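S.K.: Handing you this structure, nothing more for now.
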Amino acid sequence: MSCTQQDDIRAYYFPVRELTDGLVYEYTNTGTFAEEPSSFWYYLGLDRDTALYLTATHYADGMTPDQLVRERIYNEGVTMEQLTVYPPLLSGRPKQVEAQILYGRTFAFRLHDGKPVGFRVAYTPAENDDATEYVSLDRTYRGDTLLSVMGEEVEAIVFDLLGEVSQRDPLEGDISPTFTGYEIYARGLGMVEYYRDLGAGGVLAGKLVRRISMPDYAGGLRE
């Protein structure tokens, strides 16, 4: 790893203006937490008159949307404006849950001298109206690197992660498990690798193996 000499690292975030037709990113599972061999995220850039947005949709089992994130792109960085999750109920039907964005600075285009940048959200669990769950994630720049992504060597930057998934429940009590890990962002691609050590819960990790259009992705599901 080496420290970057660049003042602006926006080129390492997702190429929002190139994603106006949308692309599905397939991350092969390299951890122990997820059972599926791959994780699929659909990234779509929205260029409006007043702002530039990026939406990211995760597909459970490769078919059903279970998480939607909308971010706004500013000159200084990226801010989360919406987080919607669709947790399955005991009945098997998902329920739409809107998170409250407590603070949403997800990515800064300029490095902050080792200071973390991150977000924190809160929401009510689908089947426990008395509880509140909190999710926070901080990214701290570690350094530059070169790595092979989809068969090509690319320039990339690495962030260390520190996160927490906590629950406040007046009946069951409070829990505040934390996790650590890292993310790698490649020039012109966005996030190409992630690793989260969940402790006893296992490791959630993946690496980008391909990008395809939504029609090609949907066609593959129908085959």
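S.K.: So what is the relative contact order of segment 20-165, in percent, for Cα pairs below 8 Å that sit 6 or more residues apart?
M.R.: Value for segment 20-165: 12 percent.
S.K.: Just to be sure I understand, if you calculate Cα extents along the principal axes in Å for this structure, which of [x] 46, 45, 29; [y] 50, 43, 29; [z] 51, 47, 41 do you get?
M.R.: So the calculated entry is the one marked [z].
S.K.: Shape verdict for segment 3-52, please, from the Cα gyration tensor: rounded (a/c under 1.5), prolate (a/b greater than b/c) or oblate.
M.R.: Since a/c reaches 1.5 but b/c is at least a/b, the shape of segment 3-52 is classed as oblate.
S.K.: In a Debye calculation with equal point scatterers on the alpha-carbon sites of segment 77-168 and no solvent, what is log10 I(q)/I(0) at q = 0.15, 0.16, 0.18, 0.24 Å⁻¹?
M.R.: For the requested q values the scattering log ratios are -0.74, -0.79, -0.89, -1.15.
S.K.: A follow-up question, please. I need the calculated FRET efficiency for the pair residue 216 and residue 187, taking r as the beta carbon distance and R₀ as 25 Å, to the nearest 0.05.
M.R.: 0.55
S.K.: By counting other Cβ atoms within 10 Å of each Cβ, how are 207, 95 ranked from fewest to most?
M.R.: Least to most surrounded, the residues fall as 95, 207.
S.K.: Rounded, prolate or oblate for segment 131-223? Axes are the square roots of the Cα gyration tensor eigenvalues, ordered a ≥ b ≥ c, and the cut-off for rounded is a/c under 1.5.
M.R.: It comes out oblate by the Cα gyration axes.
Rule-based calculations on the coordinates, nothing more; no lab input. Quick caveat, the model's predicted, so the values are computed rather than measured. Note that each Cβ is placed from the backbone with ideal geometry, even for glycine, and that neighbours are counted across all protein chains shown.
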